[in-house]
Each structure stands twice: as structure tokens, then as C-alpha cells.
Amino acid sequence: MQAGKILKKMRSRWRLGGALRLVWQSSPKLAIARLIFLIFQGILPLIPLYLGKLLIDTVAASVNAADKEAAFREAIVLLILTAVVTILNTVVSSLAEVIDIAQGQQVTNHMQNILHAKSIEVDLEYYENSKYYDALQRAQQEASFRPTQIVNRLAQVVQNGISLIAIVGLLLSLHWGIAGVLFVAAIPAMLVRGKYSQLIYDWQRENTPKDRQIQYLGSLLTSDLYAKEIRLFELGNIFSERFYRLKIKMYKEGLNIVSKRAVANIIAQVISGILIFTAYTFIFYQTIQGILAIGDLVLYYQAFQKGQSSLQGMLRHFNSLYEDNLFLANLYEFLDLKPKVVEPINPKSFPAPMQSGIVFDNVSFEYSNSNRKALQNVNLTVKPGEVVALVGENGSGKTSLIKLLCRLYDPTGGKITIDGIDIRQFQIPALRQEIGVIFQDYAKYHLTANENIWLGNTSIEPNNSKIIQAARMAGADDVISKLPKRYDTILGKLFEQGEELSIGQWQKIALARAFLRKSQVIVLDEPTSAMDPKAEEEVFRKFRELIKGQAAILISHRLSTVKMADRIYVIEHGKVIENGSHQELMQQNGTYAYLFETQAQNYR
């Protein structure tokens, strides 16, 4: 009954074929070489068994032989053959080890490339969902070694299987029951391993969130991002204790399962041992009765031992393959994720240049992991060369609008058009190429200053003069010029000789990255929040000169910086509640006027 359940689960979740395809794709030549050497490794160890039988029979017969010199010469030939086969087996094993290592590294590299490609492919939505991180962590844990491990175990199954076929044929010539005992003795251990493989898999999968918590707490204690606060607020012991408690809990649960498996395995091995020694008793009885010669005794005894070892190895690796297959489901769970933001079947060309601009037409949006509408029936326009500002409290939906414009998400209602064409009809790379964005949570790349800016437009050469021009536009050139190696200086302290920047200086680097893109639309989400007033005033004083006809969307909490916008949209709880120029909104004496006056009082 238990075996039936195990086989049913194996059939329902069998993904080894996919793993073999991944291995084959990583290096077909190494896969073929591996298979050839497996055949040799399966056959060569059996030859010395038969040569040993012939040698013992020759020595036994020489005791009563008249020509002892001839018997000695025959024995020498058998010894030389045995030595040659042994050396050949050593050579094959050594070469096979080299192939194994090479193939393992190739598979690991291939799997890392696949994981990275899938991570890039999936939508931003997945990165804002905790279940995605569970799936990603499980995939990362398995991808680096599991396919290679599957190949190694399959190799052992094949190698042991070749040896087992030959040995079973030999044992059948003695008695069919001996071969039967060989197989029956291996069943208890197989059932125990199959059962506990499933239990361990289910336990590890269930505890993925806890494992991620442990890693998170570990990063709090070791990362430079939290080092200052942990020391200032004396949080080290709190996080360390939480880390330790979770670790101990996981340890006790894991040890409990392993202990139960050990007890079950002992019982299985005792049953198997009784059956095996029964077979040995039969072989010795046959020899004592004169039915078998001394050479036959040695041959069958060694063959039974070798057969037992081959079968146990084969079933052990087969059970391990079942275990690998269970965990391989974690990898495929991640690889099977499908992007929801998809390319159009018949894409349209992006307008070059834009004529009428961007229109949000009754746009609504709701995140999949939330029941709250982030945006509700939003209508707004951005014309070419126009500066539009979005104003509102945190969480009002401003950044969500930008994510929709960049097709990081698609609206759940309404549509966004550019020159009357729904943006879902453009190729995604073509759309994003025309939108230069700096988000509030901009990236800090621990690369050179030159590369940090160049990443904004990788279609140009890394040493293009436009990089310096973009840096000057953003006010970053003054910062970079004071660094030890100027544009060749590595930013951040993650690597040797890196130079850390202030938050405001990092923001100038990110702003330069956006300016370098030379897109038709530029989006600045709190672009100067970390800059000092002088730097901020300098950026916005020449902002219209900088954008040079680009459509610009500006998000800022500093209302003094949005006065220069052609049109201001006030957003509250995902809805546009006011829009107009600064003067028009001040005359309306509504939310914008209240917010502006409130901020202005702080400077009077």
C-alpha cells in the first residue's frame, strides 16, 4: 500500500525529463561522453570477478596436476589480465571524474543563466508579492546543484543497473531464489527512504517563510544598511535572539523527522540482513555438499555481495531521484511563472515624434495582493513639451500611474494612449526606451561613476561624451570631478577602493542616468528630495532647458518646485480631485492651495 502511494506521487510529480533536457542543453558533448564512460564503468568491475573464479579454480586444480609449470603459466596470464583490467578501470574512473566535474560546472552555470532570465522576465507584480520570494528562494536553493545531482544519480543508477543485469544472470544459474532474495531484501529500505523523502520535502516547503525570516534577520545583523540604527537603538540582541529562536525551532523539527527516519531505517536493515544471511547460508551449504567448487563459492559469494551493493546503490539513487524530483518541483514552480504584461501580437510603431501626447482615459488599477483600488477613473493628459506635476500624499497613487505608463503593470480598467494608440499595442522595450524615469527609490549601482550613468542608455558606447553632458545637466559632474579617479571611481563601499556618496549626490547620479536616455517622455519621482535647496533650485531653474521639448511628468511633495509646471494634478485616494496651473489652483482655494499655503508658512 505504501509503495503504491509513493509510485502514484512519483508519477504525478515526475519532472526528471525536464531536468535531463536542461542538462543536455548545458553541454551535449559532455552528456554523450558521460554516457559512454558509464557503460565502461558498469562492465569493467565485473570482469575481475570472473577472472578471480578462473584463477582460484586453476590454483585448486594445480594441486593434483602433473604439469604444475603449465598451471602456473595459466595463473600468471590470469593475474596479468586482472591487473590490466584493474588499471583500465582506474583510468576510466579518473577520466569520468574529470567529465563529471566539467559537466557539473556547465549545468550550474546554465541554471544560473535560466534563473536570471526568468527573474528579468517576470512582471514587477511578482516582486511585490511574498509568495514570489518563497518560490524564488526555493528555486535558488535547488537550481545550483539539483540538476547536476540528478545527472550524477542517474549515472549511478545506469552504472549499477548494468552491473546488476550481469550479476542476476549469474545468480539465476545457481538458483532463482537467490536472485529473488537479492531484490526482496532491498524493498524495506526503499519504502522507508521514499516515505521520509516526502515528509522532509513537505516540511521544508512549509517552512520556506520561516527560512526567509531567518535570512532576513541575518541580513539585519550583518548588512551595512542597518548597521547605524542597530547600534544607535541597541537592536542587535533583539534581532539575534529572534534569529536564534527560529533556528532552534527549525533544528528541533528537522531533528525529529531525521530521528524517526533513523529508527525506521534500522528496522528495515535488520529485515534485509536476515534475508541476506539466509542466501549466504544456502551458498555455503551447496559448496559443503560438493555441488559448487571452491572457485564457484568465491564467484557466487562475491557476485552476491556485488549484486547486493549494486542493487542497494541503484535503489538508493533511485529513491534519491524521487527526492530530487520532489525538490525539482520548486525550481519548475518558479520557471513556470508567466508574465501578465505580454507583448502585442501585431505591435505598432512608437510615434516619432509624438504629436498629441499621453492620455490616461478613465484608468483604474488594483494590485493583485490588495482589495484597495490604487487608482479610480483617472483622466489626465501630458502633451509633448509640457511639464505636468502630480501632487498628493504618500500612497495616493502617483507612482502607480508611472508604473502603468511604463507597462510595469497593465490597468484593470480604462486605457493609456500615446497619440491615440493604446500603449499595450507597442512593443514593451520600444515603449520603455521612450520613457526616462528616476523613481524615488532609485538604484545605487556599486560600479564606476561612468557606468552608473551609462546604464541609463546602454545603446551608446560606455565612454561616450554624452555621459559627461548628462552629468553636467544633473549637477553630478561637480561631484564626480572631486572623486579620486573621477568617472572611473567605483561608487559605494561594497568593493575595494569604492567611494561612498551622500544621498543627495547619489540622487544627482540617478538624475543624470535619466537625462542620458534622451527619451520623448521624462518622469521624475521626487527627483530632488535629498538635494540641498541650492542644488534643487539649480536643477529646476534650467529644467525646461534640460528637457528640450520632452513631455515631462514631475512628482514632488515640495510644492515650491511644481509651480513651474504647465499643469498640476492633485491626487487623493487614487482619484484626481483638482487640476490646473499653479495660479488656477490657488484661485480655486482647494486642497492644493491649502497644501501650498501650509508649506509656505514654514519659510516665512
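Put simply, the amide H of SER581, placed in the peptide plane, has neighbours under 5 Å in ILE568, leaving out anything fewer than 5 places away on its chain. Between the amide H of SER356 and those of ASP419, distances stay under 5 Å, these residues lying 5 or more places away or on another chain, with hydrogens modeled in the peptide plane. When nucleic acids and ligands are ignored and a 1.4 Å probe is applied, ARG245 ends up with an accessible area of around 150 Å². Peptides 338-345, 358-365 ranked from most to least packed by the mean count of surrounding Cβ atoms within 10 Å: 358-365, 338-345. Sorted on the mean count of surrounding Cβ atoms within 10 Å across their residues, most packed first, peptides 28-41, 493-506 read 28-41, 493-506.
Ordered from highest to lowest accessible area with the whole protein assembly present and a 1.4 Å probe, ILE421, ILE522, ILE266, ILE288 read as ILE288, ILE266, ILE421, ILE522. Spacing of the modelled spin labels on ASN369 and TRP24, each 7 Å from Cα toward Cβ, amounts to 3.8 nm.
Taken as Cα centroids, region 408-447 and region 492-507 sit 28 Å apart, rounded to the nearest whole angstrom.
For ILE553, the residues whose modelled amide H falls within less than 5 Å of its own, excluding neighbours fewer than 5 places apart on the same chain, are VAL388, ILE522, VAL523, LEU524.
For the pair ASN394 and GLN587, the difference between a 0.36 nm per residue extended length and the Cα-Cα distance amounts to 67.0 nm. Output the pairs from LYS340/LYS398; LYS348/LYS508; LYS118/LYS398; LYS548/LYS575; LYS338/LYS403; LYS118/LYS403 with a Cα-Cα distance over 24 Å in this structure; if there are none, say none. Listed pairs above 24 Å: LYS348/LYS508; LYS118/LYS398; LYS548/LYS575.
For the pair region 73-114 and region 204-229, the centres of their Cα atoms are 43 angstrom apart.
The values are calculated or read from the model by the stated rules, or taken from the named source; none is laboratory data. Computed from a prediction, not measured in an experiment: that's the story for all the values here. All Cβ positions, glycine included, derive from the backbone under ideal geometry; neighbour counts span all protein chains shown. The protein model used for the area step is the full one, side chains on, heavy atoms only, and it has no ligands, DNA or RNA in it. Shrake-Rupley method; radii C 1.70, N 1.55, O 1.52, S 1.80 Å.
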